[in-house]
1. Is at least one residue of segment 203-211 touching a residue at least 12 places away in the same chain (Cβ under 8 Å) and assigned to a strand (DSSP E or B)?
2. Since residue 668 meets every condition but one in (1) surrounded by 13 or more Cβ atoms within 10 Å (Cβ to Cβ); (2) not in a helix (DSSP H, G or I), which condition does it not meet?
3. Going through segment 326-352 one residue at a time, which ones are closer than 25 Å to residue 412 by Cα and either without any contact (Cβ under 8 Å) to a residue 40 or more places away in the chain or surrounded by fewer than 19 Cβ atoms within 10 Å (Cβ to Cβ) (or both)?
4. Just wondering, is there one or more residues in segment 486-501 that are in a helix (DSSP H, G or I), at pLDDT 95 or above and on the phi < 0 side of the Ramachandran plot?
5. Would you mind stating whether residue 668 is free of Cβ contacts under 8 Å to residues at least 12 places away in the same chain and over 30 Å from residue 573 (Cβ atoms)?
6. For segment 372-402, give me each residue that is surrounded by fewer than 20 Cβ atoms within 10 Å (Cβ to Cβ) and under 22 Å from residue 125 (Cβ atoms).
7. Among the residues in segment 678-695, are any part of a loop (DSSP other than H, G, I, E, B), touching a helix residue (DSSP H, G or I) at 6+ places or on another chain (Cβ under 6 Å) and surrounded by 15 or more Cβ atoms within 10 Å (Cβ to Cβ)?
């Protein structure tokens, strides 16, 4: 055996030299073996279909030469292994608008991944929320590319701080769940570059070292073998030097994917095994393709393996440790959006008699049951968190959707809390009951367990954006009986609230809030913490106000507009605009200034807390483009920052807008250009026009 294993402290030059030694010593078969996962089906069978029971070998590895393997764990709400810390879902953390918090969460995930034998994380999901019906909305951060890029970059940086290779996914245009294996997304080049790729580029430029390709087709070709995406854009234009691996099962359709720029097929070598070896031997694929892929895999793997670790060891006592649990609670507190608060219904007093209603109040409901599932050591439910805060551990559910006495119980209380929303049955990763996944499908049937245990579909895209009828009926009945009714909304994205909103005192959207969600909820309800989150998507008044969405589409066209820009251009008023979120205090903006710099535009604004309690505000900066040379409809987010202020305190927020973020894609010359003219910048606490100050600058 030749020992070419990584060693701590190797320089970049020494790593490159060692990689070349490996390539010179390895056989074709050994090189191709590094280009696929191995042992997944055996592990899955051994665990009875329990996703993440063991780290999955996801490429790399050559035992004869001492080359280590990549060991994969999924995300993005925590490490999908053991009993790891379960953070709020990504959409909740998107509502925090807090990259610094997301970076800390990435570091915590990395520590727990390392402690459990993993060095590759699939936690960075930044697919754009084009429509709130998308089943995996909860796994991403929101509808805006700029916002997605900033939070995804922070998570990747946090993960890689502890030498876990971060994977950004799913590349690209993956915004439909049920038909994700086959749908062909049609996008023109300008829309692709300006709307569906900027957030991926931002994460790559932040140093994210690997990419997971998407299942869907893009303009006729599967993303896992799409040369324009994987080679021309990712490598040649963006300078990406890491590796690309496929999604799990059905992510690769032919050996020529290697020539297109795919480096690793996961989880098993269906095409990147004997078929790929034969393709090289038969002259269909050049040997250099294999060497190039292996070089990308090995250089990335060795760069992280040879780097010094921030911690001396990564022991199991890091998993769900007190610091990480506290971080999960902080994230839950910072990610709950106060949508509505009539007559200061919230915060509640601990001296009030509280009635808690709704089946979901007692449910451990942390998100979907697919590949992002995390199994924490405990989950604090909404009812348990409220009971703990009131010092009444025996506090009982006052009534659920089927209880005819629920309204009467609520009438006898000082305030009523109704917990409603969804579970993994209604939204999340689509776990099909009738689709053939080859060996994977056979395995699920054999085990009688795991993601497809019942062989009946769960999760997937939502066909209805409203709450179930029995939940709406419960809200209306309780609100009629008690005007101090607080609705707690658990969902992965937008839920239409027409027909019951005006009857309620307050609405707080907590998303899927993680293992400490119940305690965070109580701290928000009783005023220990002032809500500070802002919507990362738009809540419309009618489902027809959103772009066309068909979960069963075989082909769909994506245009440049969706979300807040779509509603603005269509002249439709949102029920709750993008960036909306109330607080227990108020903020005043003034003295908005712009200044051109050699790098772009410098913006600053004064923000004052004019209320009686401490609070945090998310300052949002939007831009309207000249629109003389090229049409760009609606304003676009180009900056944001959180600021914490004591009562009466004033702070200055400064935001930098790099010039390249103002460019448009010129299709004729295939390059980015700055349109000359007057740019109008708007700043405030949401995207609503009435909440924004405005200044213009010539560029």
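The values are calculated or read from the model by the stated rules, or taken from the named source; none is laboratory data. The structure presented is a predicted model; accordingly, all values stated were derived computationally and were not measured. A quick note on method: Cβ atoms are made from the backbone with ideal geometry, for glycine too, and the neighbour counts reach across all protein chains shown.
1. Filtering segment 203-211 for residues touching a residue at least 12 places away in the same chain (Cβ under 8 Å) gives 203-211.
Going one step further and asking which of them are assigned to a strand (DSSP E or B), we end up with 210-211.
Looking through segment 203-211, at least one residue is touching a residue at least 12 places away in the same chain (Cβ under 8 Å) and assigned to a strand (DSSP E or B).
2. The failed condition is (1).
3. The answer is 342, 343, 344, 345, 349, 350, 351, 352.
4. yes
5. Details: free of Cβ contacts under 8 Å to residues at least 12 places away in the same chain: yes; over 30 Å from residue 573 (Cβ atoms): yes.
So residue 668 passes the test.
6. Passing the criteria: 375, 379.
7. Of all residues in segment 678-695, those part of a loop (DSSP other than H, G, I, E, B) come to 685-688.
Checking which are touching a helix residue (DSSP H, G or I) at 6+ places or on another chain (Cβ under 6 Å) leaves us with 685, 687.
Narrowing the set further to residues that are surrounded by 15 or more Cβ atoms within 10 Å (Cβ to Cβ) leaves 685, 687.
Looking for residues that are part of a loop (DSSP other than H, G, I, E, B), touching a helix residue (DSSP H, G or I) at 6+ places or on another chain (Cβ under 6 Å) and surrounded by 15 or more Cβ atoms within 10 Å (Cβ to Cβ), one finds at least one in segment 678-695, hence yes.
A quick yes/no check of all residues on (1) surrounded by fewer than 24 Cβ atoms within 10 Å (Cβ to Cβ); (2) in contact (Cβ under 8 Å) with a residue 60 or more places away in the chain; (3) under 29 Å from the mean Cα position of the chain (by Cα); (4) in a helix (DSSP H, G or I):
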residue: 229; (1), (2), (3), (4): no, no, yes, yes
residue: 249; (1), (2), (3), (4): yes, yes, yes, no
residue: 253; (1), (2), (3), (4): yes, no, yes, no
residue: 259; (1), (2), (3), (4): yes, no, no, yes
residue: 279; (1), (2), (3), (4): yes, no, no, yes
residue: 292; (1), (2), (3), (4): yes, no, no, yes
residue: 301; (1), (2), (3), (4): no, yes, yes, yes
residue: 310; (1), (2), (3), (4): yes, yes, yes, no
